[in-house]
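Participant: Input: one structure, supplied below.
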């Protein structure tokens, strides 16, 4: 019988192991969806890390997942050029004809990156050391894993983390952008060839999807950590995790607990633009007399702004989240709080 190593501290973890810990913490369907976005080289390295991972303590798991989510959301600040921007700037700088000629002469592909592969890690660092993490990540796609790892070991730790996150989860640049970067490197060391295409999806959507796949307690701990450093981001993630339309997922037993706290005048406004199934979810957990009174209030109430309706919906969502945080209800789908 084979044995597996126990990972006791996040200081011993490689970037691949951190990604592996994140993936094994998710539901298999969510993890598979993320793996499908990785290029073959990164996929092989992460898969190998998952296979060799062994046992990871709960504390290390939580720290790694928090770090991953911070990295994903922090990368929202990254900048990226594209072909349209390059064309516009060159046209303004040197004129339309010269710009068109220059762009047509720009080499396509990654031979320049292949030339880097012939260098040592320190030489590569001398070329890329002052570049943005997204440029470094682009080049890492074309280096052998061992060489890429040597380069990342030489860059500052924070830069290395950003590069790995961009490589695994950020939105890859277009082929045109890769070609421009290759041309830039080519002016100093070589030629280029075509880059591979992929689409990693929206960053916030990716982060919220990861949070939805985690167990509820860990999700709350991570969101509280994000709230401390980036309150607006924490609110945005929470809005993605649970919306007014998601109320239909709550068990009837928990809905009855919610109804004990909801103000009827607030509910009368909040339901004005709500889907039929959401309205029925509330009605089905109210007395017949209360439903009749609420419908009457809604029918004869004057028209109000949609923003006012959304504000009342947010009040109810906040109430539901508070009850969920206190453990009195659960907004998790398939909750064990359903009474039988």
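Participant: Being over 15 Å from residue 206 (Cα atoms), modelled with pLDDT of 75 or more and within 17 Å of the chain's Cα centre (by Cα) narrows it down to one of 52, 63, so name that one.
Facilitator: The match here is 63.
Participant: Do we have residue 156 as under 18 Å from residue 38 (Cβ atoms) and modelled with pLDDT of 75 or more here?
Facilitator: In short, no.
Participant: Another question about this same structure. State all residues of the stretch 21-41 that are within 14 Å of the chain's Cα centre (by Cα), assigned to a loop (DSSP other than H, G, I, E, B) and at pLDDT 75 or above; if no residue qualifies, say none.
Facilitator: 26
Participant: Let me ask you something else. Can you say whether residue 268 is within 16 Å of residue 244 (Cα to Cα), surrounded by 17 or more Cβ atoms within 10 Å (Cβ to Cβ) and at pLDDT 90 or above, as far as the supplied structure shows?
Facilitator: It is true that residue 268 is within 16 Å of residue 244 (Cα to Cα), surrounded by 17 or more Cβ atoms within 10 Å (Cβ to Cβ) and at pLDDT 90 or above.
Participant: With the structure loaded, tell me whether residue 269 is under 30 Å from the mean Cα position of the chain (by Cα), outside the structural domain of residue 19 (by TED's automatic domain parsing) and over 30 Å from residue 62 (Cα atoms) or whether it fails that test.
Facilitator: no
Participant: So residue 328 fits all but one of (1) surrounded by 11 or more Cβ atoms within 10 Å (Cβ to Cβ); (2) assigned to a helix (DSSP H, G or I); (3) over 26 Å from the mean Cα position of the chain (by Cα); what number is the exception?
Facilitator: Every condition holds for residue 328 apart from (2).
Participant: Scan the stretch 233-255 and give yes if some residue there is over 26 Å from residue 206 (Cα atoms), without any contact (Cβ under 8 Å) to a residue 40 or more places away in the chain and surrounded by 13 or more Cβ atoms within 10 Å (Cβ to Cβ), otherwise no.
Facilitator: Yes, that holds for at least one residue.
Participant: Scan the stretch 284-303 residue by residue and report those that are at pLDDT 90 or above, more than 19 Å from residue 248 (Cα to Cα) and part of a loop (DSSP other than H, G, I, E, B).
Facilitator: Answer for the stretch 284-303, where residues must be at pLDDT 90 or above, more than 19 Å from residue 248 (Cα to Cα) and part of a loop (DSSP other than H, G, I, E, B): there is none.
Participant: To continue, here is another question. Could you say whether any residue in the stretch 74-83 is under 20 Å from the mean Cα position of the chain (by Cα), at pLDDT 75 or above and within 19 Å of residue 168 (Cα to Cα)?
Facilitator: no
The values are calculated or read from the model by the stated rules, or taken from the named source; none is laboratory data. Computed from a predicted model, the values in this text were never measured in an experiment. No Cβ is skipped: glycine too gets one built from the backbone with ideal geometry, and neighbour counts run over all protein chains shown.
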